[in-house]
């Protein structure tokens, strides 16, 4: 994903029964605090703004660090919202009937850099869907 040989795929196509997402997780083998994940689920009938906001809430509540601050995300999928807090950032977006979360955490990257990296990765994922 990054070209960094320390980063390896920690989980591929792992179904999460409770949330309905399928996840792929990548992590730095030398620093597990540095990781990125892509989680996707199909939403019958499509994704509206309330579904998108509920997904962002779901992902922010799953993190031990609070509170998250929303940030605007442009040109990612059909619609998108981002949230960040020190050390963690994610973008939730839709493409048709797919709801996608691209997130990352880092112990070493600044909040602004992490946010920009996650937004860039989200754009790449959205373009591939």
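The values are calculated or read from the model by the stated rules, or taken from the named source; none is laboratory data. Here the structure is a predicted model, which is why all the values come from computation and not from measurement. A quick note on method: Cβ atoms are made from the backbone with ideal geometry, for glycine too, and the neighbour counts reach across all protein chains shown.
From the residues in the range 34-58 that are modelled with pLDDT of 90 or more and assigned to a strand (DSSP E or B), which one is surrounded by the fewest Cβ atoms within 10 Å (Cβ to Cβ)?
42
Can you name the residue in the range 72-99 that is touching a residue at least 40 places away in the same chain (Cβ under 8 Å) and part of a loop (DSSP other than H, G, I, E, B) and, of all such residues, is farthest from residue 128 (Cα to Cα)?
87
Scan the range 100-128 residue by residue and report those that are farther than 14 Å from residue 34 by Cα and free of Cβ contacts under 8 Å to residues at least 60 places away in the same chain.
Hits for the range 100-128 are 112, 116, 119, 120, 122, 123, 124, 126, 127, 128.
For the subset of the range 15-32 comprising residues that are within 15 Å of the chain's Cα centre (by Cα) and part of a strand (DSSP E or B), which member is modelled with the highest pLDDT?
22
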